[in-house]
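Report on one structure; see the data block that follows.
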Amino acid sequence: MYGQVAAVRNLSLTVERGEFLTILGPSGSGKTTTLMLLAGFEAPNTGDIVIGGKSVAAVPSYRRDQGIVFQSYALFPHLSVRGNLEFPLEMRGVKQKDRSARVERILNRVHLGDFGDRMPSQLSGGQQQRVALARALIADPPILLLDEPLGALDRNLREQMQGEIKTLHREFGITTVCVTHDQEEALTLSDRIVVMRAGQIEQTDTPESLYDRPATRFVANFLGEANFLDDIGLAVGADVPQSSETIAMVRPERIRIWAPDAAGRGFADDRQEVSGTVEEMIYAGPLRKYQVRVGHAQLIVREHVAAGQQVFRKGDEVRLDWLRTDIRFVTA
Ligand SMILES: Nc1ncnc2c1ncn2[C@@H]1O[C@H](COP(=O)(O)OP(=O)(O)O)[C@@H](O)[C@H]1O
Ligand SMILES: [Mg+2]
């Protein structure tokens, strides 16, 4: 609770030893608050937090053996990069000689070998973020807590650091809880993902299951793009089980797009098809995305770009079809 505001409510979460768990959700959904509860910077009004079988709800964060990367990095501004990295080792009573060796090793690991003498203010956002990550890891903590750890990095460096975090996680087996609003990052890094919405958990599952079997419309939309068949007024068919509370959904990459007179398309009972008009074609390197008007709604189609493929333009009449078995049902 922040005053009268309950930032997180009724949250129950178990993290397995050695697991990489990501808390994913839009801005303001309570991710940072949850992480600060885990870290001991916030205390829950009710309930408990247990690590390794022991209650730690009353243990202050500095007494806990954990590495943290804050959303704001929180480097010590008056200490050099080297000083920032030595700090957690000093706190744990590591000898000077060992400290220096470990600092050099981790600096190289995050590609900052030449930056040890700089002050944080002399670093870019991305470099500061990497120092924060190095500082969290340097004392080999059993638990690593990350709040938007790669948010300030540009795409290439972010992907490189994602790989680095994954390798570190695998090598050291650190139990990791990572907070992000970036769905791709969550899908790439995690053993399991917790999707948060308005201070509560919406769904927890593996990346594959969350994407392939989202439970709610919110999760379907937040992890990737979704086409809701109710929006185009399409009955799913009596052969597909559906209750009145669920909405039928198809992912854009499950839909095929055809010219109306295309040869070789054939028609099969196991597919559904509709007619539409291309409103937009967006080329995105390996993928082509179509926005197709169907009745009053729009369906999104994603296709891998391939040689000899027919490309449709704005205004083209097309047929769309998909397998009935690719339809998923979510709740509102
Ligand atoms: N110190 C605070 N005082 C009052 N409200 C806060 C404070 N910190 C966060 N909140 C509110 O709690 C909710 C969750 O915030 P936060 O956990 O930071 O979300 P996220 O990290 O998912 O963006 C938001 O509505 C936010 O405005
Ligand atoms: Mg946050």
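Could you tell me whether the stretch 50-69 includes any residue that is farther than 30 Å from Glu184 by Cβ, among the polar types (S, T, N, Q) and within 15 Å of ligand 1 (Cβ to nearest atom)?
No, that holds for no residue.
Per-residue answers, yes or no, for (1) free of Cβ contacts under 8 Å to residues at least 24 places away in the same chain; (2) of a type in the set (Phe, Trp, Tyr); (3) open to solvent by 70 Å² or more (accessible area, probe 1.4 Å); (4) within 16 Å of ligand 1 (Cβ to nearest atom):
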position	(1), (2), (3), (4)
Pro149	no, no, no, yes
Ala152	no, no, no, yes
Arg155	yes, no, yes, no
Glu159	yes, no, yes, no
Glu164	no, no, no, no
Phe172	no, yes, yes, no
Thr180	no, no, no, yes
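Could you list, in sequence order, all residues of the stretch 158-208 that are more than 16 Å from ligand 2 (Cβ to nearest atom), closer than 30 Å to Arg9 by Cβ and in a helix (DSSP H, G or I)?
Listed by number, the residues that qualify are Ile165, His169, Glu184, Leu187, Thr188, Leu189, Pro207, Glu208.
If you check Leu137 against the conditions, is it open to solvent by 20 Å² or more (accessible area, probe 1.4 Å), assigned by TED's automatic domain parsing to the domain that holds Ser190, among the aliphatic types (A, V, I, L, M) and away from ligand 2 (no atom under 16 Å from the Cβ)? Give the derivation first.
Details: open to solvent by 20 Å² or more (accessible area, probe 1.4 Å): no; assigned by TED's automatic domain parsing to the domain that holds Ser190: yes; among the aliphatic types (A, V, I, L, M): yes; away from ligand 2 (no atom under 16 Å from the Cβ): yes.
No, not satisfied.
Using the structure shown, decide if Thr14 is under 20 Å from the mean Cα position of the chain (by Cα) and either in the same structural domain as Glu171 (by TED's automatic domain parsing) or modelled with pLDDT under 80 (or both).
Values: under 20 Å from the mean Cα position of the chain (by Cα): yes; either in the same structural domain as Glu171 (by TED's automatic domain parsing) or modelled with pLDDT under 80 (or both): no.
Taking the combined requirement at face value, the residue does not satisfy it.
Considering only the stretch 19-50, state which residues are more than 16 Å from ligand 2 (Cβ to nearest atom), surrounded by fewer than 19 Cβ atoms within 10 Å (Cβ to Cβ) and over 18 Å from the mean Cα position of the chain (by Cα).
Of everything in the stretch 19-50, those that are more than 16 Å from ligand 2 (Cβ to nearest atom), surrounded by fewer than 19 Cβ atoms within 10 Å (Cβ to Cβ) and over 18 Å from the mean Cα position of the chain (by Cα) turn out to be Ala43, Pro44, Asn45, Thr46, Gly47, Asp48, Ile49, Val50.
Provide a single number: the residues in the stretch 27-47 that are within 13 Å of ligand 1 (Cβ to nearest atom) and within 15 Å of Pro60 (Cα to Cα).
Result for the stretch 27-47: 7.
Residues in the stretch 7-18 that are more than 16 Å from ligand 2 (Cβ to nearest atom) and either surrounded by 19 or more Cβ atoms within 10 Å (Cβ to Cβ) or in contact (Cβ under 8 Å) with a residue 12 or more places away in the chain (or both): how many?
Taking the stretch 7-18 as the starting set, the residues that turn out to be more than 16 Å from ligand 2 (Cβ to nearest atom) are 9-10, 12-18.
Right, trim to either surrounded by 19 or more Cβ atoms within 10 Å (Cβ to Cβ) or in contact (Cβ under 8 Å) with a residue 12 or more places away in the chain (or both) and you get 9-10, 12-13, 15-18.
Counting residues in the stretch 7-18 that are more than 16 Å from ligand 2 (Cβ to nearest atom) and either surrounded by 19 or more Cβ atoms within 10 Å (Cβ to Cβ) or in contact (Cβ under 8 Å) with a residue 12 or more places away in the chain (or both) gives 8.
So the check is Cβ under 9 Å with 6+ separation or different chains; which pairs have a first residue in the stretch 74-95 that's over 9 Å from Pro120 (Cα atoms) and open to solvent by 40 Å² or more (accessible area, probe 1.4 Å) and a second one that's in a helix (DSSP H, G or I) and among the small types (Gly, Ala, Ser)?
Note: pairs meeting the criteria are Ala74/Ala132; Arg82/Ser100.
Within the stretch 257-281, can you find the residues that are open to solvent by 40 Å² or more (accessible area, probe 1.4 Å), part of a strand (DSSP E or B) and at pLDDT below 95?
To start, the set of residues in the stretch 257-281 that are open to solvent by 40 Å² or more (accessible area, probe 1.4 Å) comprises 258, 260-261, 263-267, 269-271, 273, 275, 277, 279-281.
The next check asks that each one be part of a strand (DSSP E or B); those that pass are 258, 271, 273, 275, 277, 279-281.
Selection gives Trp258, Arg271, Glu273, Ser275.
Just checking, does the stretch 19-27 include any residue being in contact with a His (Cβ under 6 Å, 6 or more places away or on another chain) and under 23 Å from His169 (Cα atoms)?
yes
The values are calculated or read from the model by the stated rules, or taken from the named source; none is laboratory data. This is a predicted model, so every value here is computed, not measured. Because the Cβ atoms are built from the backbone with ideal geometry, glycine has one as well, and the counts that use them run over all protein chains shown. We work out accessible area using only protein heavy atoms, side chains counted, and drop any ligands, DNA or RNA first. Shrake-Rupley method; radii C 1.70, N 1.55, O 1.52, S 1.80 Å.
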